[in-house]
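Remarks on the structure that follows.
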Amino acid sequence: MRKKNSWQEFQIIDLIRQRSGRLGVRDQIGIGDDTSAHCVDPRKLELITCDALVEGVHWESPWCDPESLGVKSAAVNLSDIAAMGGTPQRAFLVLALPAKTARPFIIRLIDGLVGELSRFGVRLAGGDTVLSPGPIMVSLTVQGTAAAGAVIRRTGARPGDLLLVTGELGTASAGLGLLRRPRLRIPVRDRVVQRWLRPLPRLREGNLLAQSGKVRAMIDLSDGLAGDTRRLTQASQTGACIFASQLPVSLEARMAARALKCNPLDLALCGGEDYELLFSCPSPHAPKLINKLRKRTGTICTVVGKILPQREGLYLTRPDGCRVDMPSGWEHGASEKRDFLP
Ligand code: ADP
Ligand code: MG
């Protein structure tokens, strides 16, 4: 699944951005954030995002059932709307299917997808269906809205802000590890694999954070805390440090990591697909935000780091107090890097 390749995702996105021309007068956000944003009226922005899941790259049929594939495709897109503080409305589905795809597979996929969308009041409003000569591809586009002043970009972090995450980190990639090793049976297996198969889009949390007016920058965690911190700080032109000893890694994820013979902090930093929200706010506002989220949504929220001036770079403070360069997160086409923690 994680193969060496002749191109790297972020280089390609940069190339596309350079060649894509200027934004229109009503476009507020183009390539480079979790969604685009377009001014519909003076008080409202329209948000649009899309994400594709490809068989053999994002999942494999023996261990990913069609309902979960549908749920996941919806959830990862809804998560991008959450990362802007928006509210999703409509979705458009592109399906590329091999000729041999069985009808029950398609029914289960669509039921999973539509079910997850409707949990958040989103309608499937269109799409396209094409033949694939190889793998299945599920590509979803989601449109939503946000109040004009309340959208949270990746660009607003300032030195001195604290960095916080919702929920727990590393469980999803532990789940992926277990799904790929079906014979590795541990008591928490089902709960851990569900976190990979069916991520929880943090829409209520994203809305509350946007409405608070205290959050300066936000991104959803698709590529691991390390990689997405890098993206948030690049967009904000800052540095940051992450405190490895403070990462919220659940007991279940630790048990799964032990069974998988890997370091749970590696999973939290580089594993990816947690779809939690990473955000920055001035430090005096952090305790209130943490309380508010817990009271209103039941979701825990943890301080995991601090925004620094850009010249101080991006580093990780290990549990033993040593500073190390921030590892890379997951990137399509890049080789895997691990083992930076003792
Ligand atoms: P996310 O992980 O939040 O879904 P991505 O890493 O996929 O974001 O993309 C980063 C940014 O680059 C987004 O603004 C996305 O819309 C844009 N982007 C990615 N691929 C393309 C592409 N092929 N064409 C145009 N924009 C792209
Ligand atoms: Mg995102």
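Observations on the structure shown:
- Gain in span if fully extended, Arg119 to Thr155, counting 0.36 nm per residue against the direct Cα distance: 9.9 nm
- Rolling a 1.4 Å probe across all protein chains gives His58 an accessible area of roughly 40 Å².
- Heavy-atom accessible surface of the chain: percent carbon and sulfur, 1.4 Å: 51 percent
- Mean Cα-pair separation over length for segment 9-147, i.e. relative contact order, pairs under 8 Å, 6 or more apart, %: 32 percent
- Accessible surface ranking for Lys72, Lys306, Lys100, 1.4 angstrom probe, highest first: Lys100, Lys306, Lys72.
- Mean residue ellipticity, 222 nm, helices only, the chain: the sum of -39500 (n - 2.57) across DSSP H runs of n ≥ 4, divided by residue count and rounded to 500, is -10000 deg cm²/dmol.
- R0 of 51 Å, Cβ-Cβ distance Ala52-Leu251: FRET efficiency to nearest 0.05: 0.90
- Mean separation of Cα contacts under 8 Å, 6 or more apart, over the residue count of segment 162-325: relative contact order %: 41 percent
- Secondary structure note: in the chain, about 75% of the DSSP beta bridges are antiparallel.
- Cross-link pairs beyond the 25 Å C-alpha cut-off, checked among Lys72/Lys214; Lys44/Lys214; Lys261/Lys292: Lys72/Lys214; Lys261/Lys292
- Mean Cα-pair separation over length for the chain, i.e. relative contact order, pairs under 8 Å, 6 or more apart, %: 22 percent
- Kirkwood analysis of the chain, using all unique Cα-Cα pairs, places the hydrodynamic radius at 20.5 Å.
- Over segment 9-147 - Rg/Rh using Cα atoms and the Kirkwood inverse-distance radius: 1.00
The values are calculated or read from the model by the stated rules, or taken from the named source; none is laboratory data. The model shown is predicted, which means the values in this text are computed figures rather than measured ones. Because the Cβ atoms are built from the backbone with ideal geometry, glycine has one as well, and the counts that use them run over all protein chains shown. When the accessible area is computed, the model is the full protein with side chains, heavy atoms only, and any ligands, DNA or RNA have been set aside. Shrake-Rupley method; radii C 1.70, N 1.55, O 1.52, S 1.80 Å.
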